[in-house]
């Protein structure tokens with residue numbers, strides 16, 4: 001999962017959005033890329049073992 005933003009800095013709301021996407025999907029890792037004046041890259045991981053309500057796609 002990759003989220004792109006172009007703000008001055010990454011806000012806690014951007015990180016929370018990425019974490020919520022990871023919790024709701026079978027995807028375990030995500031990147032938050034900020035292309036603002038001070039570029040930033042943040043990586044978040046949420047293990048599928050911590051997702052008890054996630055249904056299998058098979």
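The values are calculated or read from the model by the stated rules, or taken from the named source; none is laboratory data. Only a predicted model underlies this, so the values are computations on that prediction, with no experimental measurement involved. Neighbour counts run over all protein chains shown; Cβ positions are idealised from the backbone, glycine included.
Some points to look at:
- Residue in the stretch 25-38 that is touching a helix residue (DSSP H, G or I) at 6+ places or on another chain (Cβ under 6 Å), modelled with pLDDT of 95 or more and surrounded by 10 or more Cβ atoms within 10 Å (Cβ to Cβ) present: yes
- Subset of the stretch 9-24 (residues that are surrounded by 15 or more Cβ atoms within 10 Å (Cβ to Cβ) and closer than 13 Å to residue 47 by Cβ): 19, 22
- Qualifying positions in the stretch 15-32 - assigned to a helix (DSSP H, G or I) and more than 8 Å from the chain's Cα centre (by Cα): 23, 24
- Options 49, 6: the member that is surrounded by fewer than 11 Cβ atoms within 10 Å (Cβ to Cβ) and in contact with a strand residue (DSSP E or B) (Cβ under 8 Å, 6 or more places away or on another chain): 6
- Of the residues contained in the stretch 36-44, one or more are found to be free of Cβ contacts under 8 Å to residues at least 12 places away in the same chain and under 14 Å from the mean Cα position of the chain (by Cα).
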